[in-house]
1. Using the Cα centre of the chain as origin and beta-carbon charges of +1 (Lys, Arg) and -1 (Asp, Glu), tell me which of Met171, Gly52, Val187 is placed farthest towards the positive end of the dipole.
2. Work out the FRET efficiency for Arg170 and Val117 from their Cβ-Cβ distance, taking R0 = 41 Å, and round it to the nearest 0.05.
3. Can you give the longest stretch of the chain with no exposed loop site, where a site means chymotrypsin sites (Phe, Trp or Tyr not before Pro) in a DSSP loop (not H, G, I, E or B) with at most 14 other C-beta atoms within 10 Å?
4. Could you pull out the trypsin sites (Lys or Arg not before Pro) across region 78-151 that fall in loop regions by DSSP (anything but H, G, I, E, B) with no more than 15 other Cβ atoms inside 10 Å?
5. Determine the gain in length on full extension of the stretch Met110-Gln125; use 0.36 nm per residue of separation and subtract their C-alpha separation, reporting nm with one decimal.
6. For Cα pairs less than 8 Å apart in space and 6+ apart in sequence, what is the mean separation divided by the residue count of region 70-130, i.e. the relative contact order in percent?
7. Could you tell me the center-to-center distance, by alpha carbons, between region 168-209 and region 103-121 in angstrom?
8. At most 12 other Cβ atoms within 10 Å and a DSSP loop assignment: could you name the GluC sites (Glu not before Pro) in region 79-126 that fit?
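All of the numbers you see were taken from the coordinates with simple rules; none came from a lab. Just so it is clear, the structure is predicted and the values come from calculations on it, not from any experiment. Here Cβ is always computed from backbone atoms with ideal geometry, including for glycine, and neighbour counts include all displayed protein chains.
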Amino acid sequence: MPTSQVEAFYEREAPGRFLPTAYTRGPWDADSQHAGPPAALLGLAVEQRPDGRPEMRVARLTYEIMRPVPIRPLTVTTRVLRSGRSVELVEVGLTPDGGEEVMRATVLLMKTAQDAVPEVTPGRQVPGPGTGDLKPFFPVPWDQGYHTAMEVRFTAGSFLEPGPATAWMRMRVPLVAGEEITPLSRVLTAADSGNGVSTELDYHRYVFINTDLTVSLHRHPEGEWVCLDARSMVDGAGIGLAESALHDEKGPLGRSTQTLYVAARG
């Protein structure tokens with residue numbers, strides 16, 4: 001059972017082992033987590049590797065979501081697939097007690113050096129979080145979950161309006177109890193929300209489940225707020241794509257995409 005009294009998404013029970021709290025609960029199933037927190041947990045495992053090299057920075061994460069992540073104790077495993085002079089490839093997986101692996105990420109890291117090349121990046125392209133509005137989450141039948149752990153401010157659209165939307169998101173609780181939130185964790189906790197922010201279909205009549213998540217970052221994130229400038233596209237055959245331009249208050253920092261399984265409910 002989740003330890004809901006803890007003000008964090010997870011408790012660290014031992015190295016590589018975590019206890020989820022009720023804050024991880026997603027909006028559709030009382031026994032399953034929203035994919036944002038476990039995605040961030042896998043990213044944190046890569047950042048905290050004992051054999052990690054300080055000059056290497058995460059540039060891309062590709063997640064396969066094999067099945068819903070249950071609210072049960074979780075074990076994180078990590079292995080290096082390739083370790084080169086300028087590029088590393090790391091695989092990290094998530095397995096609940098008594099079950100099979102539910103999520104896996106392949107993470108690309110690249111060597112960085114301060115002021116190594118000219119910086120080419122636009123400035124802010126979306127209104128900041130201070131201009132956004134607090135708008136209601138779509139109805140959730142439980143009081144505590146991902147929807148209460150995240151502060152969301154919309155500068156365009158809302159959860160209850162179909163179509164593209166722009167939402168700033170900020171974590172209200174740490175990823176792991178007693179540990180500082182890393183900038184990467186802030187991005188990954190939010191990035192899986194693109195399909196919910198920009199839904200084109202009535203969630204009462206249709207499901208639109210993402211089976212994967214890819215996050216590409218050309219810049220290291222800064223600050224507490226992460227913006228998803230999101231839109232979804234759906235083919236009549238039942239395959240969709242949600243795409244989000246990712247920003248912080250400094251400006252654009254990357255993109256995320258989600259492949260969607262779309263079907264009528266029931």
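1. Gly52
2. Working: r = 31 Å, r/R0 = 0.76.
The pair Arg170/Val117 has a calculated efficiency of 0.85.
3. Numbers: sites that count: Trp28, Trp142.
Answer - 143-266.
4. Details: sites: Arg79, Arg82, Arg85, Arg104, Lys111, Arg124; in loops: Arg85, Arg124.
Within region 78-151, the qualifying trypsin sites (Lys or Arg not before Pro) (loop, at most 15 other Cβ atoms within 10 Å) are Arg85, Arg124.
5. On the way: separation 15, 0.36 × 15 = 5.40 nm, distance 2.61 nm.
Fully extending the segment from Met110 to Gln125 adds 2.8 nm.
6. Values: 78 pairs, mean separation 15.3, N = 61.
It rounds to 25 percent for region 70-130.
7. When both Cα centres are located, 23 Å separates them.
8. Details: sites: Glu88, Glu91, Glu100, Glu101, Glu119; in loops: Glu100, Glu101, Glu119.
Passing sites in region 79-126 are Glu100, Glu119.
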